[in-house]
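**Q** To start, I am sharing the structure in question, which I have written as structure tokens.
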Amino acid sequence: MERLVQKKLLFTILVSLLVFNAIVLGGSRMILLDSFLQLEQAAVEENLYRLASAVQNDSETLGILCRDWSFWDDTYRFVQDKNQGYMDSNLGDDSLLELSLNALLIFDSRGELVFGKGMDLESEEAGVPPQVLLDYFQQREDLWPPQNSFSRQDGLLLFEQGPMMLSFRPILTSDNNGPAMGIMVMARWFSDAVRARLAERMALELELKPLTNSLQEQEEVVQIQPLKGSEKQIRGDVLIHDLEGHPAFHLSISMPRSLFYQGQRTVIYFQLSFFVFSFLFGAVLYLLLSALQKKRSVAEKRFRYIFENATDGLFVVENDEHLALINPAAQKLLGVGDDLARAGRACFAIPEFKELISAGLNGKIAGPVEISLPDPKRSGQSHLRAYMAPLVGEQGKQHGAIATLQDMTREKELQRMKDEFIASAAHELNTPLSIIIGFTDLLESGEYNGCEELLEYCGLINEKAHSLEKIVDDLLHLGKIEAGREIYLDAEPYDLAEHIHQVVETYEKKSPKHSFQVNLMEDDVVVVADRHRLGQVFDNLLSNAVKYSPNGGLIKVSGSRHEHELLICVADEGVGLTEEQVGRVFEKFYRVDNSLTAVRGLGLGLNISRSIIEAHGGRIWLRSTPGEGTRFYFTLPDGLQ
């Protein structure tokens, strides 16, 4: 069976690799090469925009220069008075050469030329301004009366002699105030020399030409295509708008197609590498899956063995509430056979099971729930403890729920036997003890006071009998707790302070080597409680304080009021308890194993004290340090509230 699975696995991997290689090898050329083409186009487009931005920056730089001159008080006054000093200082040939201007014009507010000069930057000879430039401004009716917009513009203009970069600004004061006295114009031919310097600065081959009809009909701002007759070069064109915002030029660049050819080589290397890698991967995958299949087979056998031989009952329910698996232990506990359908009906027929299964299928951990079922073999009932948990896969998806069943019949029987023993033993001990106590009380009444030794023995008998009575009372109290019955409290208002003083006085007589101190918040402390039960608590705590202080010392009982409760503390200076002992002192039958004290007892006193305090609605806890002593605290509801 395993060999057949391995053959199928090998065949599936080979076919998958062949199909995958065909898809990848075919698609990689299209995808990778297209990516390199996109990179190539992006590079061309980036360079085009860099060039367009450089042209725009030159135009804006000229505009800043024109603004500095036009927003100047001296220029403002010159338009008004045409003083020769301004012309000599600012409008000489050196100024145009220094500013690299081919023309400088100043118009007044009526559109009349106040000043105009042209300059050949190559020969450095001054002359008249280009007539085409003068004609252009004469045609700009929006700049002169009656409109007098005095707008400001920067950009290129195409004339017959070639493209010209110009900028004009209204003439204002240095504070940018008007009214405008006219317009200042600065112009510079976008000559071959200028374009050569720009190409050298950008490290690109470029051309700036008037817009052709073919480009004018295209909607895209950028056009990229291989050069005709040279597939190793790629060309890009970008539209440049003139000063008035109309498409007027196209800026062209050409670049080598290094990215495209690099992409072709990359595709070839990738295809070869992928072909080799895929078959190596297939071989490794086959080995790994084969090993995984073997491990899975072993794990399934191990799981099946554990599931079938588990002492606890187990069954699995799918999301559609169908029983998927059930082990022999669960079949035995439920009294069903191998029929899953019958077993499933049996499970859902029990209301407690139905609720558990519903909780598990809803993703909750439920239980423990105790369930009693008829047991024909025992002529009685069998008791089960059931748990339910969701079955969650690796991706967090729930696949059902699993139930665990534990047979509690024997445990229930032992519990019943123990409860009966405690009740019976307590009853049997209580009867003779009552008689002993009665007669010793009679002897101590004084009727036989002539014999002091007899009275001493009777007192001893009485003391020990009361000790036995306390043990019996503890056993009866424990029996009630184990049976789950509430502790009966004969609660009534009484003075707790007086009660504490009485109990402490008793221990002062019993243990003269200890000193006792009572510090209460006030003389009268009224509580609503069972005096006898609280007496048990004080007796247990003071008895422990005396026993675990074998060398004597101070035993202090203090009390204080906090909000709606009273806080009582019994503190000693004894041997103290370890952290582990502190965590277990309230357990049933737990005795502190301390060789320094060798204290005897059943280990029930503190457990019973806790149940009494909790029955009164309070809390009890302790703090202890080895070698320094122990402090027991408990709270009671304030009887004055």
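Read the figures in this text as sums done on the coordinates, not as results from a lab. Just so you know, these numbers come straight off a predicted model, no measurement behind them. Cβ sites come from the backbone with ideal geometry, for glycine too, and all protein chains shown count toward neighbours.
**Q** Between Glu614 and Tyr488, with labels modelled 7 Å along Cα→Cβ, what's the label distance in nm to one decimal, could you check?
**A** Simple spin-label model gives 2.1 nm for this pair.
**Q** Just from the alpha-carbon atoms, what are the Rg and Dmax of the range 1-122 in angstroms?
**A** Just the Cα atoms of the range 1-122 yield Rg and Dmax of 35.4, 112 Å.
**Q** Got a sec? How would Ile357, Ile371 order by Cβ neighbour count within 10 Å, fewest to most?
**A** Details: Ile357 24, Ile371 19.
Least to most surrounded, the residues fall as Ile371, Ile357.
**Q** Could you sort out which of Lys7/Lys397; Lys354/Lys412; Lys295/Lys397; Lys509/Lys547; Lys332/Lys397; Lys510/Lys588 sit more than 21 Å apart by Cα distance in this structure?
**A** Lys7/Lys397; Lys354/Lys412; Lys295/Lys397; Lys332/Lys397; Lys510/Lys588
**Q** Let me ask something else about it. Just how large is the dipole of the range 492-637 about the Cα centre, in debye to the nearest 20, putting +1 at every Lys and Arg Cβ and -1 at every Asp and Glu Cβ?
**A** Here the range 492-637 has a charge dipole of around 600 debye.
**Q** Where does each of Cys569, Cys66 land when they are ranked from fewest to most other beta-carbon atoms within 10 angstrom?
**A** Fewest-to-most Cβ neighbours within 10 Å comes out as Cys569, Cys66.
**Q** Something else about it: Once R0 is set to 25 Å, what does the formula 1/(1 + (r/R0)^6) return for the Cβ-Cβ distance between Glu98 and Arg50, expressed as a FRET efficiency to the nearest 0.05?
**A** 0.35
**Q** Here is a follow-up. Can you give the extra length, in nm with one decimal, that the chain gains between Arg265 and Asp175 once fully stretched, where that is 0.36 nm per residue apart less the Cα-Cα distance?
**A** Working: separation 90, 0.36 × 90 = 32.40 nm, distance 6.36 nm.
Length gained between Arg265 and Asp175: 26.0 nm.
**Q** Give me the distance in nm between label points sitting 7 Å out from Cα along the Cα-to-Cβ direction at Asn90 and Asp74, one decimal.
**A** 0.6
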